[in-house]
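Undergrad: Please read through the structure below; I'll follow up with questions.
The values are calculated or read from the model by the stated rules, or taken from the named source; none is laboratory data. Given the structure is predicted, the values throughout are model-derived calculations rather than measurements. Cβ sites come from the backbone with ideal geometry, for glycine too, and all protein chains shown count toward neighbours. Please note that ligands, DNA and RNA were not included when accessible areas were found on the heavy atoms of the full protein model with its side chains. Shrake-Rupley method; radii C 1.70, N 1.55, O 1.52, S 1.80 Å.
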Amino acid sequence: MSLKTVDEYVESVKNRKPMNVWFKGQKIEDPIKEPALQASFNTIKKLYELTNNPEYADILTTHSALIDEQVSFYLSPLLKREDAIQKTRMARLLAEIFGCCSHRCTGSEAIGGLYPFTYDVDQKFGTNYHQNLKNWIIHCQQNDLAVAAALTDPKGDRKKKPQDQPVPDLYLRVKEKRADGIVVEGAKVNQTGTIFTHEVAIIPTSAFTEEGKEYVVAGAIPADTEGLIYVLGRTPFDMRICEDEEEMIDFGKKYADHQAMLIFEDVFIPNDRIFFCEEWQMSGLLLEYFTAIHRLTAGACKAGGMSLLLGATTLSANHLGIERFSHVRGKLTEMAMNAETLYALSLSAGYEGFQHESGAWVPNSLLAHTAKYNSTNLPFHGVRLARELLSGWGETAPSIKDLNQAEIGPKIQKYYTPYAQEGVSAEDRLRAVRLVENLVRGTNWTSMALHGGGNSEAARLMAMRHVDWKKLITLAEAICGIEQDDEEAIKKIAERSGKIDLGPKAFKVK
C-alpha cells in the first residue's frame with residue numbers, strides 16, 4: 001500500500017494505542033469523537049480523499065525512487081526544482097480549499113530539511129543518520145503515514161541559554177542515553193495537526209553550544225508513543241464546532257486545524273529513529289535547511305488563505321450591492337495583488353534554489369525568508385480590508401438557529417436578506433459572512449500567518465544572514481568609481497546573475 005483511502009486512514013487512526021489527550025481540564029478518551037476536533041478531522045480526511053483522486057495526482061503525489069511507487073508528496077523530500085514548484089502550488093491549493101493548515105505540512109518540511117542535513121552530518125562525523133532517515137521515510141511512504149513535526153520549545157527565560165534555565169527541560173533534551181536509544185523529556189508548543197497523525201518528527205529550532213549539547217536531538221516517534229501527552233489548545237470559535245450540520249454554519253466552514261502542546265515524559269527513541277544527537281557544531285545548519293522549505297511553504301499557504309478570504313469578501317460585497325463601487329473594487333484588487341505577491345515570492349524561492357550533494361533541492365533561503373516576512377504583514381492588511389467591506393453587522397450577525405427559528409426567523413430574514421441580488425437568501429448571506437468571520441477572527445489562521453514558521457523578526461534575522469553584503473558593497477564601489485578596475489568587479493558581480501543572496505555558501509559545513 002502506498003496511498004491510503006479515507007476509510008483506511010480513519011481505521012488506522014482508530015487502531016492507534018490509547019493516547020493521552022487533554023482539553024479544558026478533561027481527558028479525551030477518543031479524539032475522533034471530540035466535538036472541538038471534528039472540523040480538524042474533516043480536514044485531514046479530505047486531504048486523504050483528494051490525494052486518492054486522479055484529478056489531483058499531479059499536485060498531491062509524486063513518484064518515490066525509494067519504494068518505486070506513487071506516494072503522497074508530503075512524504076518525499078524535495079529532489080529537484082520542479083518539486084519545489086509543486087510544493088508551492090500544492091500549499092496554495094490546499095489553503096484555498098481548507099482555509100487552514102493541511103496538518104501534514106510541517107512533517108513534510110522536516111523530511112525535506114533533514115534529508116540534506118543528515119547527509120552533511122554523516123559526512124563530517126561518520127554517523128549513520130542519513131540512512132536512518134531514509135529507512136523511516138520508506139516506512140512512512142509504504143504505509144502512507146501522516147507526519148507532523150514537533151518544533152517549538154517553551155524556551156522559558158529568553159535571556160538565558162537552554163542549559164542556564166531554572167528548569168532543565170524548557171528545551172527538549174536528551175535525559176538518558178542507552179545502548180538501544182535515548183530518552184527525551186521536555187515539551188513542544190504550538191504544534192499543528194499532531195493529534196490526527198501517525199508519526200511525530202522531532203527537530204530543534206535553535207542553535208546550541210557544546211554546553212547545551214544535551215538539547216541537540218532530532219528523531220521520529222509514533223504519535224501514540226508511551227509518555228507523550230497532548231494538550232489541545234483553544235481557538236476563538238472552537239465551541240461553535242459541533243455535529244449539528246446546521247449549527248456548523250455559524251463556524252463558517254467545515255474545515256479547521258488544531259494546535260496542541262506536546263509534553264514528553266521519558267519518551268524513548270530507538271537508535272534507528274535518531275537523526276541527530278549531540279553534534280552541537282551543526283545545530284544551526286539544520287535550522288537553515290528546515291526554514292528554507294518551511295518558509296517557502298508559508299508564502300504559498302498564506303496566499304491560498306488570502307484567495308479564500310478574497311472570494312468570501314467579494315461574495316459579501318455582491319450581496320450588499322457594492323461590488324461596482326470604485327473604492328470597493330480597488331480594495332478587492334489590492335487583496336488579490338497581495339496574495340499574488342506571496343505566491344510569487346514562494347515560487348521564486350523554489351525556482352532559485354540549488355542542488356545539494358545528497359540529491360536534495362534546497363530553496364533560495366533569502367527569498368523564502370522574504371516570503372515569510374511578508375506573510376506576517378500582507379494577510380493582516382487583507383483582514384482589515386475584508387472587515388471594512390463586510391460591514392459591522394457581518395461580524396455581529398444572528399445565529400443560524402435564530403435565522404431558522406419558526407417565530408423570530410422570518411423577522412430576521414426580512415432584514416438580513418441581501419436584496420441586491422435576486423434569488424439569494426438570508427442564509428446564503430450568513431454563510432458568506434461567517435466564512436469571512438472565521439478567517440479574520442474565528443480561528444488561528446491569522447496567528448499562523450504571524451507565527452507559523454517564525455515571526456517577522458525571526459524571518460528578518462535569517463534573511464540578514466543570507467544577504468551577500470560583500471557583493472552589494474563591491475557593486476556600489478564599482479559603479480560610483482571607488483573601485484578603479486570596475487570591469488573586473490562587474491564581471492565578478494555578473495557571475496551571480498543578479499542574485500544578492502549567498503547561495504550554497506550559506507550552507508557550507510564548517
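Undergrad: How much length, in nm to one decimal, is gained on full extension between LYS401 and TYR56, taken as 0.36 nm per residue of separation minus their Cα-Cα distance?
TA: 120.5 nm
Undergrad: Would you list which lysines come within 17 Å of LYS411, measuring only between C-alpha atoms, while excluding same-chain residues fewer than 8 positions from it?
TA: Of all the lysines, those that pass the test against LYS411 - Cα under 17 Å, at least 8 places apart if same chain - are LYS401.
Undergrad: Can you spot the lysines whose alpha carbon is less than 22 Å from LYS470's alpha carbon? Ignore those fewer than 8 places along the same chain.
TA: Within reach: LYS491, LYS492, LYS499, LYS505, LYS508, LYS510.
Undergrad: What number comes out for the charge environment of PRO379, summing +1 per Lys or Arg and -1 per Asp or Glu over other residues with Cβ under 14 Å away?
TA: So the environment of PRO379 carries a net charge of +3.
Undergrad: In nm, to one decimal, how far is the LYS155 label point from the PHE354 one, both placed 7 Å along Cα→Cβ?
TA: With each label placed 7 Å out from Cα toward Cβ, I get 2.8 nm.
Undergrad: Roughly how tilted is helix 105-125, in degrees to the nearest 10 and between 0 and 90, from the longest Cα axis of the chain?
TA: It is inclined by approximately 0 degrees.
Undergrad: Oh, and also: Which FRET efficiency value, to the nearest 0.05, do you get for ARG465 and GLU246 by plugging their Cβ-Cβ distance into 1/(1 + (r/R0)^6) with R0 = 51 Å?
TA: Result of the calculation: an efficiency of 0.45.
Undergrad: Here is a further query. Taking a cut-off of 27 Å between Cα atoms, list the lysines near LYS45, but don't count ones fewer than 8 places away on the same chain.
TA: LYS4, LYS14, LYS17, LYS24, LYS27, LYS33, LYS87, LYS134, LYS188, LYS253, LYS254, LYS302
Undergrad: For a label point 7 angstrom out from the Cα of GLU427 toward its Cβ, which stretches of the range 27-42 have the backbone nitrogen within less than 17 Å?
TA: Label zone hits: none.
Undergrad: Where the centre of each part is set by its Cα atoms, how far does the range 102-156 sit from the range 35-93, in angstrom?
TA: After rounding, the separation between the Cα centres reads 17 Å.
Undergrad: For an R0 of 30 angstrom, estimate the FRET efficiency from the Cβ-Cβ distance between MET337 and ALA420 and round to the nearest 0.05.
TA: 0.70
Undergrad: Ignoring ligands, DNA and RNA, what percent of the 1.4 Å accessible area of the range 54-137 is carbon and sulfur?
TA: Here carbon and sulfur together make up 45 percent of the probe-accessible area.
Undergrad: So, for the chain, what is the accessible surface per residue at a probe of 1.4 Å, expressed in square angstrom?
TA: 43 Å²
Undergrad: Next question, about the same structure. Could you state the angle between the C-alpha long axis of helix 469-480 and the longest principal axis of the C-alpha atoms of the chain, as a value from 0 to 90 degrees rounded to the nearest 10?
TA: That helix lies at roughly 90 degrees to the long axis.
Undergrad: Once the Cα atoms of helix 38-51 and of the chain are each reduced to a long axis, what angle between those two axes, in degrees from 0 to 90 to the nearest 10, is obtained?
TA: For 38-51 against the chain, the angle is about 70 degrees.
Undergrad: Which order do the peptides 45-52, 422-429 take when ranked by the mean count of other beta-carbon atoms within 10 Å per residue, highest first?
TA: The packing order, highest mean first, is 45-52, 422-429.
Undergrad: For the pair LYS254/GLN142, report the inter-label distance in nm, with labels modelled 7 Å from Cα in the Cβ direction.
TA: Each label point is offset 7 Å from its Cα along the Cβ direction, giving 3.5 nm.
Undergrad: Work through the residues other than PRO168 whose Cβ is under 15 Å from its Cβ and net out their charges, Lys, Arg +1 and Asp, Glu -1.
TA: Counting the neighbours of PRO168, the net charge comes to -4.
Undergrad: Between GLU176 and ASP7, what is 0.36 nm times their sequence separation minus the Cα-Cα distance? Round to one decimal in nm.
TA: Additional length available on full extension: 56.9 nm.
Undergrad: Right, next: Tell me the trypsin sites (Lys or Arg not before Pro) within the range 276-349 that lie in a loop according to DSSP and have at most 13 other beta-carbon atoms within 10 Å.
TA: ARG324
Undergrad: Compute the length gained on full extension between GLN165 and HIS327: take 0.36 nm times their separation in residues and subtract their Cα-Cα distance, giving the result in nm to one decimal.
TA: 53.0 nm
Undergrad: For Rg and Dmax of the Cα atoms in Å, pick the label among [x] 21.9, 66; [y] 28.8, 94; [z] 24.2, 86 that corresponds to the value derived from the coordinates.
TA: [z]
Undergrad: I'd like the distance separating the alpha-carbon centroids of the range 214-286 and the range 304-355, in whole Å.
TA: Answer, in whole Å: 31.
Undergrad: Also, I was wondering about something else. Which chymotrypsin sites (Phe, Trp or Tyr not before Pro) in the range 386-463 pass both tests, a DSSP loop state and at most 15 other beta-carbon atoms within 10 Å?
TA: Here the chymotrypsin sites (Phe, Trp or Tyr not before Pro) that fit, given the DSSP loop and packing criteria, are TYR419.
Undergrad: Note down the nm distance, to one decimal, between modelled labels 7 Å out along Cα→Cβ at GLU457 and at GLU211.
TA: Calculated label separation equals 2.2 nm.
Undergrad: Separate question: For the range 397-420 and the range 468-508, what is the separation of their C-alpha centers, rounded to whole Å?
TA: 65 Å
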